[in-house]
Structures are given as structure tokens and as C-alpha cells.
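Everything on this sheet refers to the single structure shown next.
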Amino acid sequence: MTNKTDRIIIFDTTLRDGEQCPGATLNIDEKLVIAKQLARLGVDIIEAGFAFASPGDFEAVSKIAKIVGTENGPVICSLARAIKADIEAAAEALKPAVNARIHTFISTSDIHLEYQLRKSRAEVLAIAEEMVAYAKSFMTDVEFSPMDAARSDPEFLYQVLERTIAAGATTVNIPDTVGYTTPSEFGAIIKGIIENVPNIDQAIISVHGHNDLGLAVANFLEAVKNGARQLECTINGIGERAGNASLEELVMALHVRRQYFNPYLGRPEESQESLTNIDTRQIYKTSRLVSNLTGMLVQPNKAIVGANAFAHESGIHQDGVLKNKLTYEIMDAQLIGLADNQIVLGKHSGRNAFRTRLKELGFELSDTELNKAFVRFKEVADKKKDISDWDLEAIVNDEIQQAPDLFRVELVQVSCGSNARPTATVTLRTPQGEELTDAAIGTGPVDAVYKAINRVVNVPNELIEFSVQSVTAGIDAIGEVTIRLRYESKVFSGHAANTDIIVASAQAYVNALNRLYSALQTQEKQKEISAQKV
Ligand code: KIV
Ligand code: ZN
């Protein structure tokens, strides 16, 4: 492999770095749903997790490797510290994938060496070299990351890169772990690597960066101009702290401005060929799927996928766009799959039409999932005349959510109004199959519902975020509720869609409580196992 590729490789780390943000925790089946969609989107590499981190992570990597890591599918990758046990776990979990990669890392900045690793440069150099060689003994595709590279001494960085490439690294990734660099500095780091690492032509240069100063995407684009050919990014930019560079922003910047970037990749300026393998029409759908399953909302003014990204409010802008879209639009909403919002189904549509449209939208549901989704579709169609593609996506995303089905909402009833004290009655089915009903008074109907639910579930928690968004315009629109709650130091998210927003609020809350309840059960089980070992 050589870094002379004339295309940009997209390495998606939504399921690894993205999942590291508080509350974004996904279960194995949800990770699989996202991985399948990432494959449809056309990412080259999916970092599916950190196999050694927990049995759940191991299983997720392994399942994705088996189901998504097919002959024509993306490369499936697992992260591993530069430690033998991590590398072994990664190799084992990746076995079912046709194309697999181990991504191993160790810090190289003096600040990390002194305070975190408590190791000398010579020790780190030796470990990096040895562990890359060890990873190489399992597979040919090995990526090495010198963590905190952007704050590392350049001479030491060059040395580490030279030795790890010699030991077999086929990709060397340069992380701006703390999101500190500016675009010109980051570009200069890549340039310095190309000029000072003698065997750099034997590896692809990759970049990874956090958005602490809001510069991650700009840094990456500068890195591309200086020779980086792999970009590590996440859907909606989710990730540790302020997140990672956002996939949709990078891909669309490279697409919309390809004439600007073409010469840096050795292409004729006027070439219309895509710089990435991404099917841009899948971007919006992927963004919504990740937002729904992680509970990480997309800010309305977010570039590319925010609700306002293609909305024109000012009269002057609207006037211009009506006369010619190019006056105020640099890209067509259809390019990201946003305008494909056809009204396709209604209450007379049958199962076949439903199945066919879902297939066209890229949803492959099992018979059980399809049956469940069809029942929901009929319920919604009774209340809402026209069902658009977005409504269908909301219904299906809601149905295929894989939050543990412990408590179920059976009934929600509220009484409220200007002269009434908001009162709610709820009936939940417990994990043991019992139906429990309770009632409460609140400051508003949702508060009353949540208080009543808490009386049944009885797990102390603090609601830290509550949001309602409508899927389409109109009085009969489906409302999507996303909530986040805190239990001790952990955050859990929940999501639900319904034409009745009070019902959606109850379901979203129970959805988050189920995740919390399931985490508590796992914790209990782990305690029991440790006690047995002692
Ligand atoms: O931010 C970082 O440095 C990382 C590495 C593991 C690549 O996530
Ligand atoms: Zn990171």
C-alpha cells in the first residue's frame, strides 16, 4: 500500500469513538443496525469497537465482523491498546470478517508519557514497534496511532512512525487527541511527516481529531492538502468531549469543492469524479438513525444535516432561491437524501406496498420486525392521512430500536388544562409480566407522566434533557421525543415516536429507564461472578 492513492478513504469511528460520549451507549443489535447502514453509506472502514473493553464490545465487533464484514463490505476494525491481550482480543473478535484491521495505539506526547504512562520515550518506541509486529502476526492490515501526536515532539513522532511502518503498519494515524491544533499547524505536521519519515510511502497517512476548538473538519481538510488520505470521522460528529470530525461535513466539503481539492490528489481540476466512495444520498438517513439510536440530538444549525441547513428564512434569500436556487444554495438537498420526502403511503396501503417502500428506502427487516412495524404503520395511518418517507423512517427506527424490552407502556392517560392540575395515570407491564398502575400530579402533563412512571419503576434518576421534534410539518405530524437521564454518574438516553407526544414522552422515558435497568442488572451479574471467583 502507498499513500499515493488519489481518493480519500473514509474510516468511520461512530461505533467506537462516537459511542464514547456520555449517554450514547448502544447495545449490540443497535450497533449492528448502524453498521449495516454505514456499509450502505459506503464507508471504507468501520471501527466497530474496542474488543478488549468488555464482553459486550467483543460480541459487537464479532457480530459486525460476521454480518457486515463480507467480501464486498467494508473493512471491519477493532481498537486495541499496544498490549498483547488487547491485540489478541481484537484479532479473535475480527476473525469472521473477510477484511479486517487491528488499530493499535500508544501515546507519544511527553505530557502523556510523564503523567499517564510513566514511561520513557525509548520504552514507548520499543512497545509500539513490538505491538505492531504482534498485530501483524494476526493480519496484514494494521493501523498504528501515536496518541496525542499533534502535541508530540516531531522528531520523536517521525522515529515512532518509521519504526512502526517497518514493523508492518499499513496505515499510520495522526491524532489531534485534545483538539488543540489549528489547520495550518495540522497541515504542517502531515507535511513534516512526509518529508522526514523515510518509509512513509509504505503506509497510508490517516488523521483523527477532536473538535474542542471547533476545528476538526478544517484541520482534516488541510491534512488532505498535505498528503493525508484516510479520514477518521463520525456521523453527526459525535464522540469524546466535543466530538470528532463530522463525516457528513468532510464528505460534502470534498464533494462540493472537489475542483479545489482535485489537484491536491493529483487529479485534473475539472474532474467530476467523487473523491470518496460515499453514497451521499444516504447521509441524511444515516444521521437520523444515529441520532435516534444514540439519543444525541443534532443541533438545528448543524452543517449538512441540521434541520435548518437547507431552510431559507430571510425574505431576500427566499426571493433569490425562488428565482434561481444557486443564488443562496451551494448544494442540492437531494444530494444528501433530504428532499426524497415523497408522500407514498396511506391508510389503504397494504403490507406489500409497505414492504416494497421500506426496501426501496434500504430497510431490510426480518418478518417479525416487518410485522411489528406494519402494525405501527396502520396505527399511525389511522391518525395521519399521508405517510411520507420520513414518517416511515421514524416508525421503523422506533420499532427496530433494540433497547431491552423490560418495562412496557400499556396505558397513558392525562388530564390537564388551564384550570386543572396536571394529573397522569400510567400502566406499565413489568419485566415479570405484571401490570402495575400508578398516578401522579405534576407541573405539566409530561412531568405528571414521568412521576407516575417513577412510582412504578422505582429507580432514582434525574431527567437532564427532554426534546420534542416533529418529523414532518402539519398538525398530524409524528412527534419524536428524545430524553436523557442521569443515574449516579452515568447517562442513559431514550427515544420514541408517536402522533401523540405525551405517549411518545412516556415511551421515550421508559426506553431510557429500560437501558438503565438493564445496566443495573448487568452490574449485579458481574458482582455475582466476581464473588463466585473469590
Ligand atoms: O483521540 C484519540 O487519540 C483516539 C485514538 C485511540 C486514535 O481516539
Ligand atoms: Zn479519539
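Derivation of every value follows stated rules applied to the coordinates shown; laboratory data play no part. Fair warning: this is a prediction, and the values are worked out from it, not measured in the lab. Every residue, glycine among them, receives a Cβ derived from its backbone with ideal geometry; neighbour counts consider all protein chains shown.
Which value in Å is the Kirkwood Rh of the chain over different Cα pairs?
Numbers: mean 1/r = 0.0403 Å⁻¹.
When all Cα pairs of the chain are included, the Kirkwood radius is 24.8 Å.
Here, the range 408-525 is characterised by an Rg to Rh ratio of 0.98, where Rg is the alpha-carbon radius of gyration and Rh the Kirkwood radius. From least to most packed, judged by other beta carbons within 10 angstrom and beginning with the fewest, 148, 319 follow the order 319, 148. Label-to-label distance for residue 325 and residue 307 is 2.3 nm, based on points extended 7 Å past Cα in the beta-carbon direction. The distance linking the range 216-284 with the range 129-202 is 20 Å (Cα centroid to Cα centroid, whole angstrom). Computed from backbone phi with θ = phi - 60° and the Karplus coefficients 6.51, -1.76 and 1.60, the 3J(HN,Hα) list for the range 293-300 is 6, 8, x, 8, 6, 9, 5, x Hz; x is used for glycine and proline. Counted by neighbouring Cβ atoms within 10 Å, the residues 331, 252 run from fewest to most as 331, 252. Taking only the C-alpha atoms of the range 110-196, the Rg (one decimal) and the largest Cα-Cα distance, Dmax (whole number), read 12.9, 37 Å.
In the range 1-66, the C-alpha radius of gyration followed by the widest Cα-Cα span (Dmax) gives 12.9, 39 angstrom. Per-residue extension of 0.36 nm, minus the Cα-Cα distance of residue 368 and residue 437, leaves a gain of 21.9 nm for this segment. Over the range 351-400, with a single point scatterer placed on each C-alpha, what log10 of the ratio I(q)/I(0) does the Debye formula yield at q = 0.15, 0.17, 0.25, 0.28 1/Å? At q = 0.15, 0.17, 0.25, 0.28 Å⁻¹ the computed log10 ratios are -0.32, -0.41, -0.95, -1.22. Need one number: % antiparallel among DSSP beta bridges in the range 9-294, to the nearest 5. Here the antiparallel bridges make up roughly 5 percent for the range 9-294.
Ranking of 446, 172, 468, 459 by neighbouring Cβ atoms within 10 Å, starting from the fewest: 459, 468, 446, 172. According to the calculation over all Cα-Cα pairs in the range 9-294, the P(r) per 10 Å bin from zero is 7, 31, 39, 21, 3, 0 %. Summarising the strand pairing of the chain, around 50 percent of its internal DSSP beta bridges are antiparallel. Summarising the label geometry, the points placed 7 Å from Cα in the beta-carbon direction at residue 59 and residue 166 lie 4.4 nm from one another.
Backbone N atoms of the range 484-498 closer than 12 Å to the 7 Å Cα→Cβ label point of residue 529 are not found in any residue. When each of the peptides 380-393, 360-373 is scored by how many other beta carbons lie within 10 Å of its residues on average, the order from highest to lowest is 380-393, 360-373. With each label modelled as a point 7 angstrom along the Cα→C-beta vector, the residue 274-residue 71 pair spans 2.2 nm.
DSSP bridge analysis restricted to the range 174-287 gives an antiparallel fraction near 10%, rounded to the nearest 5. Between the C-alpha center of the range 473-490 and that of the range 1-49 there is a gap of 25 Å.
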